[in-house]
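The values are calculated or read from the model by the stated rules, or taken from the named source; none is laboratory data. Computed from a prediction, not measured in an experiment: that's the story for all the values here. Counting neighbours? That spans all protein chains shown, and the Cβs are built from the backbone with ideal geometry, glycine included. Note: accessible area is taken over every heavy atom of the protein model, side chains too, but ligands, DNA and RNA are not part of it. Shrake-Rupley method; radii C 1.70, N 1.55, O 1.52, S 1.80 Å.
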Amino acid sequence: MKFSAIPGLTETKKLLIDAVRGNHTAHAQLFVGTEGALNLPLALAFATYLHCENKGEDDACGVCAACSKNLKYIHPDTHFVFPLSNVKNDKDEDRFKAEITKSWRSFLQEQPFGNLNDWTNYYGGEDKQALISREESREIIKTLSLKPFESPVKVMIIWQPELMHPSAANGILKILEEPAPHTYFILVSNAADRLLPTIISRTQIVTVPLLHDEEVEQYLVEKLAVEASKAGKIVQLAEGNLNLAQTLIDSPEDDNTKRFTEWMRACYKRNYGSLVAMADSYHDLDKLSQKNMMAYSMNMMRESLLAASSATAMNRVRGEELKFVQDFSKVMTLEKIEKSVTLLNDATYHLERNGSAKMIFLDLSLKISSTINP
Ligand SMILES: [Zn+2]
């Protein structure tokens with residue numbers, strides 16, 4: 001990946017490039033961002049830049065031998081460590097490793113803005129917590145003891161170091177203390193608060209902010225040919241998360257408006273018959289639409305929160321949606337809305353862990369119903 005393939009983040013890119021050009025790149029860096037921040041793509045672009053044989057002022061050349069390998073994620077001096085959950089593994093270890101590496105490369109090509117959940121779905125991981133194992137950390141140490149193959153430097157990208165097994169983390173700590181010469185570590189984390197403080201203190205922190213709405217919108221319109229009016233709506237829901245914005249492109253959002261309004265009415269009126277029927281039709285949606293419906297509902301709750309706190313000027317919804325939000329906020333207190341947001345959050349969490357969509361939706365409906373209309 002090149003820097004130019006990543007929208008926005010002008011200052012962060014410049015900071016990284018200037019460090020390389022000024023020859024003061026830290027040997028261990030921690031790229032930190034919340035869920036949806038483009039810190040992994042940034043690490044990929046940075047690795048490309050470090051290896052590039054003909055670095056430009058603001059990007060890698062994209063055509064030299066090193067670039068062409070890095071753009072396919074097959075450069076022998078760019079190493080990756082990433083979490084895996086238990087995968088059925090009846091093959092011998094080398095074959096398994098080769099297959100996972102292949103999946104990882106194509107995942108980066110196809111979904112460079114993807115998150116851990118996308119990755120787990122991509123390689124068919126089981127519904128278990130993904131981890132970076134102790135074996136993996138031994139592998140890192142072994143790799144680092146070798147000289148670079150083609151480039152003057154080696155780059156080791158560790159994605160989600162917060163998911164390192166404690167003994168793996170201790171192994172890494174030793175290397176971070178005395179990094180091998182010509183080796184650059186890039187730790188890419190979405191939850192730096194879960195990292196060992198000793199790891200954080202040994203790295204230089206690069207904070208990667210979420211994108212601005214305009215940057216997400218521009219990307220959708222220019223790169224993905226999304227209609228401007230639709231892009232405007234998606235941006236409201238995505239809140240700077242490009243990965244989420246991309247998944248929202250295919251969602252039938254007009255249905256969501258209708259579905260959400262009817263759902264809330266049924267909750268308010270305690271119309272249990274309708275709620276059961278809705279749980280059935282929710283169950284029949286594909287996984288992505290289910291997820292989008294939750295994201296949409298969450299956004300409508302937040303919009304209602306604004307309306308209920310008389311901050312209508314900050315409302316981002318328009319037209320029919322705004323009308324609903326205004327009416328809805330009259331029957332809701334701030335407390336009720338906050339509780340509903342928590343309930344939606346919990347439901348999303350369970351959906352992601354593959355619980356029964358019907359049961360989750362029905363349970364959520366009953367809880368929201370008794371929250372709105374106790
Ligand atoms: Zn190049």
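Some notes on this structure:
- GluC sites (Glu not before Pro) within the range 47-119, DSSP loop, no more than 11 other Cβ atoms inside 10 Å: E57
- If R0 is 56 Å, the Cβ-Cβ spacing of S68 and L334 corresponds to a FRET efficiency of close to 0.50.
- Extension gain (nm, one decimal) between Y272 and S356, 0.36 nm per residue minus Cα-Cα: 28.4 nm
- Cleavage-rule hits (chymotrypsin sites (Phe, Trp or Tyr not before Pro)) in the range 132-209: DSSP loop, at most 14 neighbouring Cβ within 10 angstrom: F149
- Taking every protein chain into account, the accessible area of the range 1-154 amounts to 50 square angstrom per residue (probe 1.4 Å).
- Each of S309, I360, T333 was placed along the dipole of the range 304-363 (beta-carbon charges, centred on the mean Cα), and the one lying farthest toward the positive end is S309.
- Computed Rg/Rh of the range 1-126, alpha carbon atoms with Kirkwood Rh: 0.99
- Surface accessible to a 1.4 Å probe, E352 within the full protein complex, Å²: 70 Å²
- In Å, descending, principal axis extents of the Cα set of the chain: 69, 46, 35
- Candidates T12, T342, T183: whichever shows maximal mean-square fluctuation once the chain is modelled as a Gaussian network with Cα springs under 10 Å: T342
- Accessible area of the range 76-232 belonging to carbon and sulfur atoms, whole % at 1.4 Å probe: 50 percent
- Once the Cα gyration tensor of the range 31-87 is diagonalised, semi-axes √(5λ) in Å: 24, 16, 7
- Fully extending the segment from T34 to D327, taken as 0.36 nm per residue of separation minus the present Cα-Cα distance, adds 102.2 nm.
- For the range 153-234, a simple Cβ point-charge model (Lys and Arg +1, Asp and Glu -1, everything else neutral) yields a dipole of about 360 debye relative to the Cα centre.
- Percent RCO, i.e. relative contact order, over the chain, from Cα pairs under 8 Å lying at least 6 residues apart: 18 percent
- Among the trypsin sites (Lys or Arg not before Pro) found in the range 270-374, those both in a DSSP coil and sparsely packed, with 15 or fewer other Cβ atoms within 10 Å of their Cβ, are R270, R318, R353.
- Note on the range 249-374: with charges restricted to the Cβ of Lys and Arg (+1) and Asp and Glu (-1), its dipole about the Cα centre is near 380 debye.
- Fraction of beta bridges assigned by DSSP in the chain that are antiparallel (%, nearest 5): 5 percent
- Debye intensity ratio in log₁₀ form over the Cα atoms of the range 219-374, taken at each q of 0.12, 0.13, 0.19, 0.21 Å⁻¹: -0.50, -0.59, -1.25, -1.47
- Label-point separation, T10 to L196 (7 Å along Cα→Cβ), nm: 4.1 nm
- When +1 charges are put on Lys and Arg Cβ atoms and -1 charges on Asp and Glu Cβ atoms, the dipole computed for the chain relative to its Cα centre reaches about 440 debye.
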